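Undergrad: Structure in structure tokens, see below.
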Amino acid sequence: AQKITQTQPGMFVQEKEAVTLDCTYDTSDPSYGLFWYKQPSSGEMIFLIYQGSYDQQNATEGRYSLNFQKARKSANLVISASQLGDSAMYFCAMREDNTNAGKSTFGDGTTLTVKP
Amino acid sequence: DGGITQSPKYLFRKEGQNVTLSCEQNLNHDAMYWYRQDPGQGLRLIYYSQIVNDFQKGDIAEGYSVSREKKESFPLTVTSAQKNPTAFYLCASSPPGTENYGYTFGSGTRLTVV
């Protein structure tokens, strides 16, 4: 079974608007971390934001925020005030602390295109 | 500046050849990882190492081998046993004991079978 599911292969957003990229996950490990990465066309992966399973508040990093709904097992990325440079592929990843030795499992990604 | 250097950026392999992808980091990170990415897909774990002289198989280790003789270096060999090696290969690292720390990635090696 897929551990990380990203159901949106492609998304479009108008410059300066907000966009939400969906991510659902599946784990029975009570301790886990959720990550979002950005992959521009150059190929390098860039770490954006982290949410721990025990964190009470949603994570934020500048224009990025993570909408964490633990009961629904979802960890959506919200990008506010989109910029042309945000056009890239975005990956959701999960690390299971007890069952997976700290390794991360990645979703298939969402390609975001920001329109001027 | 600290980071991960992967070389070469592009690599062409003939049928039946072994090739080695280099990954070097100067971040003083203990853990290092190799991932494979196929077009339009996510990353799949090939091998990982949490300490020098120790490494573990990931989800798709068949046809690959690694070594970890130095903390800074984690080379990946794609052997002739790997039947479909054409892909983008990413090396990553992370420090120990920092659960909220995302991976640092190299810029990748694009391998093509000719």
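Read the figures in this text as sums done on the coordinates, not as results from a lab. Since the structure is predicted, the reported quantities are computational estimates derived from the model, not experimental observations. Glycine also receives a Cβ, built like all others from the backbone with ideal geometry; neighbour counts cover every protein chain displayed.
Undergrad: Label points 7 Å out from Cα along the Cβ direction at A:Val78 and A:Thr111: separation in nm?
TA: In this crude spin-label approximation the distance works out to 2.7 nm.
Undergrad: Taking 0.36 nm per intervening residue step and subtracting the Cα-Cα distance, what contour gain separates A:Glu15 from A:Tyr54 on full extension?
TA: Using 0.36 nm per residue and subtracting the Cα-Cα distance, I get 10.6 nm.
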